[in-house]
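Every number in this text was worked out from the coordinates using simple rules, so none of it is lab data. Bear in mind that the values here come from a model prediction, so they are computed numbers and not experimental data. Cβ coordinates were reconstructed from backbone atoms using ideal geometry, including for glycine residues, and neighbour counts include every protein chain displayed.
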Ligand code: GLU
C-alpha cells in the first residue's frame, strides 16, 4: 500500500491553530459570521436531472450535512458558536454552493464515527463529510464519492512518553480509538493493541491525559489538531501506517449524487476552491497541502 507521507509540523501547528482559532477558541466566525472565513461563490450547477435528489435539495434551498464537532482543523464547533469550522465544513459549503445554497442555509448535524452510515441510510442528513474514509465495507451500505483528501493513521501519546514510537510498540498497550472507525480495527487486528473504544476522539484525548490509556490512534490530520491544542502534554509519533481516503457520504438510493459530487470536486480542484478550503483550515495548522487526489469513478 502506498502511503502519502504528510509532514505534521505539530509545534508550528500549535501557534498556527491558536492564531487560526481552530483549537479551543474554535469560533473563528468573526470575519464572516458563517462559522469561518471561507465563503465559496454560490452558483447553482444547472445540470441536475428532473426528479434527482440533487434537484430536490436545490429546490428546497436547504441541505443537511453531517460533520464532526470535536476535531480541530477537520470539523469543530465551540460551545459559543452556531456553526462548525474546519476543512470538512468548508467542503460542505462548496457542495451547497453548487446546489445554489448559501452557507447560512446549511443545517449542520453532528455525526460521530459510529452513526455515519445510519444517518445516511435513514436520511437524517443528505451528506456526511466527517473524516469519513472510503472503504469497500461502507460502500456496501452507503454511497461514498471522492476522495477529496488522503491522510494516514498515526499515534498520539503523552509528550514525556518514550516507550511508544510507532505501531510496532503497541502490543499489549491500551490504545483508545473510536467505535465504528477504521482506526480501532487496524490497531487491534494488525498490531495486537488492547483497544479502548469511545464515541469520540476528544473523549480518547481525555483518557490519554488522565493516563487511563497509553495512546490514542486515528488519522494524523485529526491527531495534529489535538497535539496543537496541548503541545506540552501531547505529541504525535511515527509515520502514517494506513491510507485513509476521505470521501463524501450520501444515501445509496439518492439519484444523481455521485456524479454531482465528483463534478463539484473536479471543479473545486481546478478553480482553487479546494485549495482555499484547505489553506483556511488544516493549512493554517501547518499541514502541507496534499496532491490533488484522483477521484474514484461513480458506480
Ligand atoms: N478516517 C477514519 C474513519 O473514517 C477515522 C476517523 C474517524 O473515525 O472519523 O473511520
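Could you give the radius of gyration (one decimal) and Dmax (whole number) of the Cα atoms in the stretch 254-299, in Å?
That works out to 12.5, 38 Å for Rg and Dmax.
Which residue, 129, 57, 248, tops the fluctuation ranking in a GNM of the chain built on C-alpha contacts under 10 Å?
Judging by the Gaussian network model, the answer is 57.
Dividing the convex hull volume of the alpha carbon atoms of the stretch 88-212 by its residue count, what do you get in Å³ per residue?
Cα convex hull per residue, to the nearest whole number: 128 Å³.
Taking only C-alpha pairs under 8 Å that are 6+ residues apart, what is the relative contact order of the stretch 181-273 in percent?
16 percent
Springs between alpha-carbon pairs under 10 angstrom, Gaussian network model over the chain: which of 162, 214, 276 fluctuates most?
Among 162, 214, 276, the largest mean-square fluctuation in the Gaussian network model of the chain belongs to 162.
With axes computed from alpha carbons, what is the tilt in degrees of helix 220-229 against the longest principal axis of the chain, rounded to the nearest 10 within 0 to 90?
Between helix and principal axis, roughly 70 degrees.
For the Cα atoms of the chain, what angle does the longest principal axis make with the long axis of helix 257-271, in degrees from 0 to 90, nearest 10?
80 degrees
How large is the helix-only mean residue ellipticity at 222 nm for the chain, computed as the sum of -39500 (n - 2.57) over DSSP H runs with n ≥ 4, divided by its residue count, in deg cm²/dmol to the nearest 500? Don't skip to the end; give the middle numbers.
On the way: 10 runs with 94 residues, N = 299.
Rounded to the nearest 500, it is -9000 deg cm²/dmol.
Going by how many other beta carbons lie within 10 Å of each one, how would you line up 43, 178, fewest first?
Lowest to highest Cβ neighbour count: 43, 178.
May I ask you to derive the relative contact order of the stretch 51-192, considering only C-alpha pairs under 8 Å and at least 6 residues apart, and to give it as an integer percent? Walk me through the numbers on the way to the answer.
Numbers: 169 pairs, mean separation 30.9, N = 142.
With pairs under 8 Å counted, the relative contact order is 22 percent.
I need 108, 274 ordered by Cβ neighbour count within 10 Å, fewest first.
108, 274
Relative to the compact-globule scaling 2.2 N^0.38 Å, provide the ratio for the alpha-carbon radius of gyration of the chain.
On the way: Rg = 18.3 Å, N = 299, 2.2 N^0.38 = 19.2 Å.
Output field value: 0.95.
Given a cut-off of under 8 Å on Cα pairs at least six residues apart, what relative contact order in percent is computed for the stretch 30-113?
39 percent
Going 7 Å from the Cα of residue 190 in the Cα-to-Cβ direction, what parts of the stretch 227-269 have a backbone nitrogen less than 20 Å from that spot?
236-247
Roughly how many nanometres apart are two label points built 7 Å out from the Cα toward the Cβ at residue 239 and residue 80?
Taking the two extended label points, one gets 4.3 nm.
Say R0 is 45 Å: what FRET efficiency, to the nearest 0.05, do residue 159 and residue 259 get from their beta-carbon distance?
According to the calculation, E is roughly 0.45.
For the stretch 187-265, just the Cα set please: Rg and Dmax, both in angstrom.
Here Rg and the maximum Cα pair distance are 16.8, 49 Å.
So what's the angle, to the nearest 10 degrees on a 0 to 90 scale, between helix 87-98 and the longest Cα principal axis of the chain?
The two axes meet at around 10 degrees.
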